[in-house]
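**Student:** I am attaching a structure below and will ask some questions about it afterwards.
Derivation of every value follows stated rules applied to the coordinates shown; laboratory data play no part. The structure presented is a predicted model; accordingly, all values stated were derived computationally and were not measured. Backbone-built Cβ (ideal geometry, glycine too); neighbour counts: all protein chains shown.
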Amino acid sequence: MAKIITNGTVVTAADTYQADLLIEDGRIAAIGHNLQADGAEVIDAQGCLVLPGGVDPHTHLDMPFGGTTTADDFETGTIAAAFGGTTTIIDFCLTNKGKPLQSAVETWHEKSAGKAVIDYGFHLMIGEINDAVLEELPHVMEKEGITSFKVFMAYKNVFQADDATLFRTMLTAKQHGALVMVHAENGDVIEYLVEQALAQGNTDPIYHALTRPPQAEGEATGRAIELTALADSQLYVVHVTCAEAANRIAEARQKGYRIWGETCPQYLVLDQSCLEKPDFEGAKYVWSPPLREKWNQDVLWNALKSGQLQTVGSDQCSFNFKGQKELGLGDFSKIPNGGPIIEDRMSILFSEGVKKGRLTANEFVNIVSTNAAKLFGLFPQKGTIAVGSDADIVIFDPNRERTLSVETHHMNVDYNAFEGMNVTGEPVSVLSRGEFVIRDKQFVGTPGSGKYLKRKRFASDNS
Ligand code: URP
Ligand code: ZN
Ligand code: ZN
């Protein structure tokens with residue numbers, strides 16, 4: 001059935017204006033005043049912002065990691081995402097050395113099909129480059145519409161790739177039109193620091209942060225940038241946490257390199273002291289790279305404001321405190337890395353960003369939706385409100401106040417990393433391709449209604 005959203009204030013990355021939206025066949029059919037359509041359902045957005053659905057370019061759902069599997073799968077994770085205003089995610093498909101890439105993609109399709117309630121795509125992890133990978137990669141790109149490759153520079157003996165693999169991935173990405181993504185930390189140095197800490201009996205969660213210093217992130221970021229320049233390729237640095245990395249990205253962009261960067265809500269509002277919480281609670285705040293000293297938060301906010309960092313992803317990678325984070329009791333290196341953020345990403349950015357005057361509402365939309373859609377080959381289908389775009393819409397109350405809590409969140413995990421934080425601004429209703437997924441703060445969607453997205457190839461004028 002056609003729908004008309006009326007009385008709201010439309011906010012895109014470019015504009016803010018009063019208008020009605022007509023939605024037909026899952027797309028935005030018209031934008032204007034006093035729109036009419038026979039039999040259309042009229043949705044009153046009085047007092048609300050009408051935003052393009054969020055695009056979260058960084059999630060790990062149903063992912064095996066650290067001897068366990070993330071607590072949220074594609075059903076619980078995408079429901080939580082929708083509650084938070086996100087209508088598209090791009091999840092990381094893990095590959096296995098010596099095995100066909102396509103088999104890994106099939107595994108990720110099995111995890112997601114019939115479960116996702118919003119649309120989703122996959123990035124592909126590259127752990128090795130050899131003749132078989134080089135032969136298969138273009139076919140996977142063509143068949144699956146996967147146009148971004150992820151290389152880990154850390155997690156030694158698990159995911160870490162060497163520099164030759166990273167460099168050859170960059171050359172391959174340039175040849176075929178893909179964006180290379182890196183987890184930029186020096187895994188070799190970190191492994192040594194971790195061994196040293198454990199040998200000295202330093203086993204508490206705080207040593208996770210102390211053995212992954214900002215220099216290890218800055219060095220790896222700089223190395224990835226220089227290799228990208230050498231390959232004349234393009235790079236997206238995920239989860240940037242600190243000045244050492246953000247400044248290198250800014251310098252590279254100033255030189256005209258094709259480098260983009262993402263940070264995450266946790267690095268904008270939490271700091272390293274969280275890892276010192278007693279009774280092993282610090283384990284709830286174990287991310288890689290780790291939370292940093294508080295002063296880095298201003299660096300990251302300024303980088304978002306000035307456009308040196310372009311996106312905020314969630315890096316959703318949830319593990320329960322009981323039974324999962326606890327795997328690292330007595331040995332911080334065994335704490336599964338990651339946390340639950342998918343639901344609160346947009347609310348935190350709006351509240352801490354727009355409401356506190358750090359970002360305009362248009363910049364907010366750009367950072368949580370439009371830029372990621374452009375970089376990852378989804379724009380203008382996703383990431384904006386325009387005639388012809390998918391009707392992925394968030395009706396967002398900018399004044400509603402609430403407290404983030406495990407008691408009220410929808411993620412399948414036993415804690416909230418932002419417990420007790422007051423935020424202003426909340427999605428009231430969320431539509432995916434014109435159908436309500438969240439209506440008046442109730443889930444009304446259907447597992448399996450989310451569609452797999454084949455994405456366009458990278459183009460250097462994307463962003
Ligand atoms: O700690 C993190 N970030 N966990 C998720 C995996 C990754 O490195 O992105
Ligand atoms: Zn990572
Ligand atoms: Zn991640």
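**Student:** Any idea which of G201, Q234, Y285 is furthest toward the positive side of the dipole for the range 173-312, if Lys and Arg beta-carbons carry +1 and Asp and Glu beta-carbons -1?
**Tutor:** Highest projection toward the positive end goes to Q234.
**Student:** Now for a separate question. If you stretched the chain out fully between K441 and K156, how much longer would it get, using 0.36 nm times the residue separation minus the C-alpha to C-alpha distance?
**Tutor:** Separation in residues times 0.36 nm, less the Cα-Cα distance, equals 98.4 nm.
**Student:** Quick one: if the Förster radius is 25 Å, what FRET efficiency do W295 and T403 give, using the C-beta to C-beta distance and rounding to 0.05?
**Tutor:** E(calc), rounded to 0.05, equals 0.40.
**Student:** I'd like the Kirkwood hydrodynamic radius of the chain, using the inverse of the mean 1/r over distinct C-alpha pairs, in Å.
**Tutor:** It is 22.0 Å.
**Student:** Same structure, new question: What shape does the range 417-463 have by the C-alpha gyration tensor, where a ≥ b ≥ c are the square roots of the eigenvalues, rounded means a/c under 1.5, and otherwise prolate means a/b greater than b/c and oblate the rest?
**Tutor:** Oblate.
**Student:** Please state the relative contact order of the chain as a whole percent: Cα pairs under 8 Å, 6+ residues apart?
**Tutor:** 22 percent
**Student:** Charges only on Cβ, +1 for Lys and Arg, -1 for Asp and Glu: so what's the dipole of the range 326-436 about the Cα centre, in debye to the nearest 20?
**Tutor:** Dipole about the Cα centre, nearest 20: 480 debye.
**Student:** Based on DSSP, what percent of beta bridges with both residues in the chain are antiparallel, to the nearest 5?
**Tutor:** Here the share of antiparallel DSSP bridges comes out near 50 percent.
**Student:** Only loop residues by DSSP count here, and only those with at most 11 other Cβ atoms within 10 Å; note down the chymotrypsin sites (Phe, Trp or Tyr not before Pro) in the range 225-333 that meet that.
**Tutor:** Sites meeting the loop and neighbour criteria: W295.
**Student:** Another question about this same structure. With charges set only on the Cβ (+1 for Lys and Arg, -1 for Asp and Glu), what does the dipole of the chain come to about its Cα centre, in debye to the nearest 20?
**Tutor:** Result for the chain is approximately 720 debye, rounded to the nearest 20.
**Student:** List the lysines whose alpha-carbon lies under 19 Å from that of K115, not counting same-chain residues fewer than 8 positions away?
**Tutor:** K451, K454
**Student:** Now for a separate question. Subtracting the Cα-Cα distance from 0.36 nm times the residue separation, let me have the gained length for H109 to V42 in nm, one decimal.
**Tutor:** Stretched out fully, the H109 to V42 stretch lengthens by 20.6 nm.
**Student:** If packing is taken as the mean number of other Cβ atoms within 10 Å per residue, what is the order of 218-229, 367-378, highest first?
**Tutor:** 367-378, 218-229
**Student:** Shape of the range 368-450 from its Cα gyration tensor (a ≥ b ≥ c, root eigenvalues): rounded if a/c is under 1.5, otherwise prolate when a/b > b/c, or oblate?
**Tutor:** prolate
**Student:** In addition: Considering just Cα atoms, how many Å³ per residue does the convex hull of the range 26-163 enclose?
**Tutor:** Measuring per residue, one finds 167 Å³ for the Cα hull of the range 26-163.
**Student:** Would you work out the charge dipole size for the range 146-232 about its Cα centre, treating the Cβ of every Lys and Arg as +1 and the Cβ of every Asp and Glu as -1, and quote it to the nearest 20 debye?
**Tutor:** Its charge dipole is roughly 320 debye.
**Student:** Put +1 on the Cβ of each Lys and Arg and -1 on the Cβ of each Asp and Glu in the chain; which of L171, G330, G353 then has its Cα farthest toward the positive end of the dipole?
**Tutor:** Projecting each Cα onto the dipole axis, the largest value belongs to L171.
**Student:** With label points built 7 Å along Cα→Cβ from the Cα atoms of D163 and Q254, find their separation and express it in nm.
**Tutor:** Placing both labels 7 Å along Cα→Cβ, they lie 2.4 nm apart.
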